[in-house]
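These notes concern the structure reproduced below.
Each value in this text was obtained by applying a stated rule to the coordinates, not by laboratory testing. For clarity, every value in this text was computed on a predicted model and none was experimentally measured. FYI the Cβ positions are ideal-geometry reconstructions off the backbone, even for glycines, and counts take in every protein chain you see.
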Amino acid sequence: MKAMVLHGPGQPLKLVEMPTPTIGPADVLVRVRACGIGLTVVNLIATPGRITAYPRIPGHEIAGDVIECGSAVRTVKVGQRVTNHFYLTCGQCKQCRAGRETLCLSPRGNIGAATDGGYAEYVALPERNAIAIPEGVSYVDAAVASDAIATPYHACHKEARLGPGDSVLIIGAGGGVGVHMVQMAKLCGARVVAADIGEDKLKLAKSMGADEVIDGRNAKLPDAVKALTDGAGVDAVIDIVASRATLEAGLQSLAIGGRLVIIGAQPKSVYGVNPGFTINPIEFLHRGLELHSSRYVNAAEIAQTLELVRLKRIKPVVTQIFSLDDVEAAHELIRRNATAGRLALEIN
Ligand SMILES: [Zn+2]
């Protein structure tokens, strides 16, 4: 099979002929039809230690057709269309059983990092990671839903707890996760203030339903947010960028009782600066603030997200489609922060 393969940390991917994966009794073999391309995969490739062995095939927002099932597989059938959960989990520990798979106490890493992923014609997935795609949802939309739309579902619903009448500031609102976060926050009933850098991204955020936009180049975020909220601040801040500057600006933008949700990651090994930020505990206490981590989703939340896509309550925003051998060009756009919305590859 053809695959885009990584031969070492930070190296460009190369199109290589690889053996089609063999599956174990609890795995399914999927013919890949689409795979999302986002910042996570670019960071994974650049972060030492995250990829466990080389050569490795990255890609973790996969959609395709099941063409073979292991002997112990019971819940997935040949011919079924599936997408995937990104984390390799035990399914047995306290956190897995509580539906918090991303906190698994016996984690085995991630698809596309600890095992080969979806930048290939075929991928082997554990049965537990395969999630059925509803009829009427395309492969590309399902691939993007499994991460770039599901992640906002969890962040808005479970962490920011957005409801009708709430206000939210989304930092990084024009990116691949951000454009879906704007839509999800609107679906929850919130007033959305979208912040990003550059006209294209803000225009896209606005077209997704943002009530107000702030260009981070022209305004100090807390001042701009206070000006829009009669000095009160917002009920929640969802920070998809999560640098020291944005996190501290986010804290200062919160209303009394506000929730700061960290969803982005800027590892020092990739960005060269420590993202650690300062909280004044007295102010934090007196203002009744909350700090939340929003780490991806559980499998049930992916199914919920796919249902929202099927019902057209959320529109997947894929701004560019690439062929398998052109994935490196997509990565380069992401590295230069030159993309609005999500990118994806398609294999016909
Ligand atoms: Zn577990």
Inset, instruction - Show the residues, 5+ positions off or on another chain, whose built amide H is closer than 5 Å to the amide H of residue 33. - result: 63, 64, 65
Legend entry - Residue-span extension gain [residue 312 to residue 278] - 0.36 nm each, minus C-alpha spacing: 8.2 nm
Inset, instruction - Tabulate in residue order the Karplus-calculated ³J(HN,Hα) for the stretch 178-183, using 6.51 cos²θ - 1.76 cosθ + 1.60 with θ = phi - 60°, rounded to whole Hz; enter x for Gly and Pro. - result: x, 5, 7, 5, 4, 5
Legend entry - Footprinting exposure proxy for 40, 102, 305, 22 (fewest neighbouring C-beta atoms within 10 Å first): 22, 102, 40, 305
Inset, instruction - Would you please name the GluC sites (Glu not before Pro) within the stretch 71-155 that are DSSP coil residues with at most 10 other C-beta atoms within 10 Å of their C-beta? - result: 135
Inset, instruction - Provide the packing ranking of 25-36, 63-74, 89-100, i.e. peptides ordered by the mean count of other C-beta atoms within 10 Å per residue, highest first. - result: 25-36, 63-74, 89-100
Legend entry - residue 293 versus residue 338: modelled label distance in nm, points set 7 Å from Cα along the beta carbon direction: 3.5 nm
Legend entry - Extension gain (nm, one decimal) between residue 54 and residue 223, 0.36 nm per residue minus Cα-Cα: 56.1 nm
Legend entry - Ascending count of other beta-carbon atoms within 10 Å, so fewest first, for 13, 162, 228: 228, 13, 162
Legend entry - In nm, spacing of pseudo-spin labels at residue 300 and residue 252 (7 Å Cα→C-beta vector): 4.0 nm
Inset, instruction - Express in whole angstrom the spacing between the alpha-carbon centres of the stretch 218-293 and the stretch 127-199. - result: 19 Å
Inset, instruction - Output the antiparallel fraction of DSSP beta bridges having both residues in the chain, as a percent to the nearest 5. - result: 55 percent
Inset, instruction - Step through the residues of the stretch 290-304 one at a time and calculate ³J(HN,Hα) from phi using the Karplus curve (6.51 cos²θ - 1.76 cosθ + 1.60, θ = phi - 60°), rounding each to whole Hz and writing x for Gly and Pro. - result: 10, 10, 10, 9, 10, 9, 6, 8, 9, 4, 5, 5, 5, 4, 4
Inset, instruction - Note down the nm distance, to one decimal, between modelled labels 7 Å out along Cα→Cβ at residue 72 and at residue 286. - result: 5.8 nm
Inset, instruction - Please order 146, 243 by the number of other Cβ within 10 Å, starting at the fewest. - result: 243, 146
Legend entry - Cross-link table 226/312; 2/268; 206/312; 201/268, entries beyond 28 Å C-alpha to C-alpha: 226/312; 2/268
Legend entry - For the stretch 330-342, 3J(HN,Hα) per residue [Karplus equation, 6.51 cos²θ - 1.76 cosθ + 1.60, θ = phi - 60°, Hz, x = Gly/Pro]: 5, 4, 5, 4, 5, 4, 8, 6, 9, 10, 10, x, 9
Legend entry - Proximal aspartates and glutamates to residue 158, defined as alpha-carbon separation beneath 20 angstrom and excluding residues fewer than eight positions away on the same chain: 101, 147, 166, 235, 239, 290, 301, 307
Inset, instruction - Please list, in chain and number order, the residues 5+ apart from residue 191 or on another chain whose amide H is under 5 Å from its amide H, with Hs placed from the backbone. - result: 165, 166, 167, 168
Legend entry - residue 329-residue 230 FRET efficiency (beta carbon distance; Förster radius 41 Å; 0.05 resolution): 0.35
